1. Within the range 81-103, is even one residue in the same structural domain as GLN143 (by TED's automatic domain parsing), in contact (Cβ under 8 Å) with a residue 12 or more places away in the chain and aromatic (Phe, Trp, Tyr)?
2. Restricting attention to the range 7-48, report how many residues are outside any helix (DSSP H, G or I) and either surrounded by fewer than 13 Cβ atoms within 10 Å (Cβ to Cβ) or of a type outside the set (Val, Ile, Thr) (or both).
3. Within the range 114-124, is there a residue that is touching a Phe, Trp or Tyr at 6+ places or on another chain (Cβ under 6 Å), in the same structural domain as SER35 (by TED's automatic domain parsing) and either surrounded by fewer than 14 Cβ atoms within 10 Å (Cβ to Cβ) or aliphatic (A, V, I, L, M) (or both)?
4. Taking the range 73-100 as the region of interest, how many residues are under 12 Å from the mean Cα position of the chain (by Cα) and hydroxyl-bearing (Ser, Thr, Tyr)?
5. So GLY41 clears everything in (1) modelled with pLDDT under 95; (2) under 22 Å from VAL79 (Cβ atoms) except one condition, right? Which one?
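The values are calculated or read from the model by the stated rules, or taken from the named source; none is laboratory data. Every value quoted in this text rests on a predicted model; they were computed, and no experiment measured them. For neighbour counting, all protein chains shown are included, and Cβ atoms are generated from backbone atoms with ideal geometry for every residue, glycine included.
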Amino acid sequence: MTTRITPFLWFDGNAEEAARFYTSIFPNSKVGAISHYGEDGPGPKGSVMTVDFTLDGNEFTALNGGPQYTFTEAVSFVVHCSTQQEVDGYWEKLTAGGGKPVACGWLKDRFGLSWQITPTVLMEMLVDKDKAKVRRVMQAMMQMVKLDIQKLKDAAAGR
């Protein structure tokens, strides 16, 4: 690991599966070091303890910590997308295998981790000086599950 701060994600026995799933979705990604529990546990001897992985250049660690803790929406990862094709592609891949759409560009993947698949143009629209435009965009976004760039642009234009 080369970054000072690394997200550390707690899984219940499927950390390696999750790391391989995530690295298959994002470019510039790979699974790194995998450590295993020894004789002193707390996991079964020889089972995967941690998996280091990189997603599009960002480092993460996954831990097989057990069922005590699960993911909540209080923590999510934003995927900034420049095109509708990117939005659609990440949405499809991250909801595959049991993931669930939520609302307003949010989804939960099959491991329960929350993601926001967000067009970069949305963030630009939400800081526009025209408050009526921002309001229209916000109202349009609140009606969506997966975000639609053209509909957001139409809302910004008052159509």
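1. yes
2. Qualifying residue count, the range 7-48: 28.
3. no
4. So the answer is 3.
5. Condition (2) is where GLY41 drops out.
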